[in-house]
Amino acid sequence: MVASRSMWLLIPRPIRQLPADLAAVAAFVVATNVAVFAPIIRETPLRVALGLVFVLFAPGYAFIAALFPEAGEETAPDTDGDETADSDGWSDSLASRDGIDGIERVALSFGLSIAIVPLIGLVLNFTPWGIRLVPIAVAVSGFTLASTAIAATRRWELPAEDRFRVPYREWYAAGRAELLEPDTRADAALNVLLVLSVCLAVGSVGYAVLVPPSGEQFSAIYLLTEDDDGDLVADDYPTEFTQGESQELIVGIDNHEHETTDYTVVVLEQDVEVIGNETGDGNATVNDTVVREQRELDRFSTTIAHNESWHHEYDLEPTMVGEEQRIVWLLFPGGDVPAEPSMNDTEYSVHLWVDVAASSNSSAPSGG
């Protein structure tokens, strides 16, 4: 007990004196950033669950706490026979309040969060950082923590009895009395149904968030080049080569397997012959590609998280001389590669047709 007390005293006094609700907001911001950026945790459903609350509630609550540090107070209704009171006495049951209470804070927190986060994104759109995960997370976290600090300062400046506080003990006592000490058997049965309904609703929502439907699982491999502006485009591929010289292009891989996946890419060069066969009606032809010779140029591996992309700068240097040589990139998810890989062994591949001219001093083999 003494050791726990000593450890608590090591925490800076402003943090120890932080109101419980504001301390929870600050802790939640830290937990969300850990879930978003930590290497292992960011791949779990916890990232989605915390992220939703982070953007839909936390900024608005901190901002409302900074605007309204005082507790909502109820004042007695006017009972001096004012003519505005109706004959049914409804005015006697109404109370005028100063400030806002807990329910109003929660409602306004959701509304303001929905307004604040897009505004932060709009501002970031005009900055060099743009609207990306890291700038958005840092900006929303900074806004929330700054609002939390202002809210704490404003509360400390008020008399203790005027400060807003979350009535945890009152809620617990009222809930315990309602659930465990019902007035009638009917109330007890309704309490049981209420608890079961809440558990079912929370479980359903939690399962939908934490275990979303997997959807289609697939991978993709593609080729890109860099244009004059430095942007990656699927165009202007190098097709003219000289034996012994290389040209650069970008090999891209997308992972939509709903799990972190190991990939192996095998690069083949093929001397092929395209044979046209007439169909039965004699008016059309079907082209068959026959591989006359094949060599493995290269292979490389990588590991990619779900819903992430990977770009690899690749120097292509064909060795087989001839026209219409085919360069094929075969993608093998899981890293299992056959002893003699071919396009029939994987559903993911991309190819490029190139012409390779012989160099003046080369003795490299020619295709065909």
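The values are calculated or read from the model by the stated rules, or taken from the named source; none is laboratory data. All values derive from a computational prediction rather than experimental measurement. Methodologically, a virtual Cβ is constructed for each residue, glycine included, from the backbone with ideal geometry; neighbour enumeration extends over all protein chains shown. Each accessible area value is taken on the protein alone, full model and side chains, heavy atoms only, with ligands, DNA and RNA left out. Shrake-Rupley method; radii C 1.70, N 1.55, O 1.52, S 1.80 Å.
May I ask you to list pairs of residues, at least six apart or on different chains, whose Cβ atoms are under 6 Å apart, with the first in the range 103-117 being over 16 Å from Leu52 (Cα atoms) and the second being β-branched (Val, Ile, Thr) and assigned to a helix (DSSP H, G or I)?
The qualifying pairs are Arg105/Ile64; Leu108/Ile64.
Restricting to the range 303-318, give me the number of residues that are open to solvent by 50 Å² or more (accessible area, probe 1.4 Å), more than 12 Å from Glu240 (Cα to Cα) and assigned to a loop (DSSP other than H, G, I, E, B).
3
Return the pairs, sorted by first residue and then second, in which the second residue is open to solvent by 60 Å² or more (accessible area, probe 1.4 Å) and part of a loop (DSSP other than H, G, I, E, B), the first residue lies in the range 34-51 and is closer than 20 Å to Glu257 by Cβ and at pLDDT below 85, the beta carbons are less than 8 Å apart, and the residues are 6+ apart or on different chains.
Cβ pairs passing all conditions: Glu43/Thr260; Glu43/His306; Pro45/Val211; Pro45/Pro212; Val48/Pro212.
Taking the range 114-135 as the region of interest, how many residues are touching a Phe, Trp or Tyr at 6+ places or on another chain (Cβ under 6 Å) and exposed (fewer than 14 other Cβ atoms within 10 Å of the Cβ)?
0
Among the numbered criteria (1) closer than 26 Å to Trp156 by Cβ; (2) polar (S, T, N, Q); (3) modelled with pLDDT of 80 or more, which single criterion is violated by Asn125?
The one condition Asn125 does not meet is (1).
When residues of the range 337-352 are filtered for being loosely packed, with under 14 Cβ neighbours inside 10 Å and in contact (Cβ under 8 Å) with a residue 12 or more places away in the chain, how many remain?
Number of matching residues: 0.
Can you pull out the residues in the range 193-212 that are surrounded by 12 or more Cβ atoms within 10 Å (Cβ to Cβ) and modelled with pLDDT of 75 or more?
First, the residues of the range 193-212 that are surrounded by 12 or more Cβ atoms within 10 Å (Cβ to Cβ): 194, 206, 209-210.
The answer is Leu194, and nothing else.
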